[in-house]
Amino acid sequence: MIIDCHGHYTTAPAEAEAWRKLQVQALGNPSQAPHKAQLRISDDQIRESLEGAQLKLQRERGTDLTIFSPRASSMAHHIGDAQTSRVWSEICNELVHRCCQLYPDNFVGVCQLPQSPGVPPKTCIPELERCVEEFGFVGCNLNPDPSGGHWKEPPLTDKWWYPLYEKMVELQVPAMVHVSTSCNPAFHTTGAHYLNADTTAFMQFLTSDLFKDFPTLKFVIPHGGGAVPYHWGRFRGLAQDMKRPPLQELLLNNVFFDTCVYHRPGIELLLKVIPVDNVLFASEMVGAVRGIDPQTGHHYDDTRRYVDAIDWLSDADKKKIFEGNARKVYARLRGA
Ligand SMILES: [Zn+2]
């Protein structure tokens, strides 16, 4: 079985975006805000949005189950206030839930959290509980920077985040560290901001004792861990200079990386540097990079090919990457 731990509902029917537009237009004039019930999307529309996209690619690429969450760039936690984010997150999560209900063999849900800049993350707990307990979701996407590229929140290791972590541990759900759109023109959303956030989160974990406080808390750092594998020596050296324990002992029971690196040398580097137990297969299709690589003739995000092609990786290790590690990190997959 091949589990893709990173996919977003990027192909949701246009009605969802139109509803969001009305919501944004009504900011500052709440009486004009659209009601959730005004959004009408049929099951057929959902089927159509998936059949020619994620499901088609699953079939073509021979992957089985996608751990599926709302479109990351549309979370846009910086827009409006906590109430704006709450209603929008509910809508996005409910749409993902409907995808999972229509195709229970193909998708299992991960939720968007109703974060808002400067608002304590504990306010996200009710939506997390709803998604996990009522919808059967197996994780959440946690945005370390709800300001959208201006980085105003305390680091992920600050006690500011602890109430949410306590709930994650209780529910046995991991978080994928995932920022949303950048409204800072210095940072391109998918080319810079995402990778910056991945690298930043890792360095925050490295400098703290977060996992002493939460020994079973788990994070997936997507996009191959940003710059982390490439600069592993720098991180090891920094940890050593700071008298921190070796990285393996400090972080690798709790921090995992996905394979959303869109070329073979990158995947090989990831797998040479990061222990195989800490790498989860993912493609992030249909996502940031949708084109075909003229050098290979295949889609950049067809990441299964890169893993399959690595001949120095044993079959047992490939099985861990494709399935076993996801089952370990997303503990609730067992019940899903
Ligand atoms: Zn993503």
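Computed from the coordinates by the stated procedures, all read-outs in this text should not be read as laboratory data. All values derive from a computational prediction rather than experimental measurement. Note that we place each Cβ from the backbone using ideal geometry, even for glycine, and neighbour counts take in every protein chain shown.
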Practice task
May I ask you to list the aspartates and glutamates whose Cα is less than 17 Å away from that of residue 318, ignoring any residue fewer than eight positions away on the same chain?
Solution key: 4, 64, 258, 268, 277, 302, 308
Problem - the chain, helix-only ellipticity at 222 nm - DSSP H runs n ≥ 4, -39,500 (n - 2.57), divided by all residues, nearest 500 - result: -10500 deg cm²/dmol
Handout entry: Globularity ratio of segment 115-251, using Cα Rg and 2.2 N^0.38 Å
Key = 1.06
Practice task
Quote the charge dipole size of the chain about the Cα centre in Debye, to the nearest 20; the model charges only the Cβ of Lys and Arg (+1) and of Asp and Glu (-1).
Solution key: 360 debye
Practice task
Could you run the Debye sum over the Cα atoms of segment 213-280, one equal point scatterer each and no solvent, and tell me log10 of I(q)/I(0) at q = 0.16 Å⁻¹, two decimals?
Solution key: -0.54
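Given 37 °C and 0.692 mPa s, compute D for segment 105-156 with the Stokes-Einstein relation, Rh being the Kirkwood radius over Cα pairs; round to the nearest whole µm²/s.
274 µm²/s
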Exercise for the section: For the chain, report the translational diffusion coefficient in µm²/s to the nearest whole number, using Stokes-Einstein at 25 °C, 0.890 mPa s, and a Kirkwood Rh over Cα pairs. Expected result: 122 µm²/s
Exercise for the section: May I ask for the Kirkwood hydrodynamic radius of segment 1-47, worked out over all distinct Cα pairs and given in angstroms to one decimal? Expected result: 12.8 Å
Fill in the blank from the handout: Excluding residues fewer than 8 positions from residue 21 in its own chain, the lysines with Cα under 17 Å of it are 36
Exercise for the section: Enter the per residue convex hull volume of segment 1-157, computed from alpha-carbon coordinates, in Å³ rounded to the nearest integer. Expected result: 122 Å³
Practice task
List every DSSP H helix in the chain whose Cα atoms extend 27 Å or more along the helix's own long axis and whose mean Kyte-Doolittle hydropathy is at least -0.5.
Solution key: 82-102
Exercise for the section: Mind checking which aspartates and glutamates have their Cα closer than 17 Å to the Cα of residue 243? Skip sequence neighbours fewer than 8 apart in that chain. Expected result: 209
Problem - Residues whose placed amide H lies under 5 Å from that of residue 280, excluding near-sequence neighbours - result: 257, 258, 259
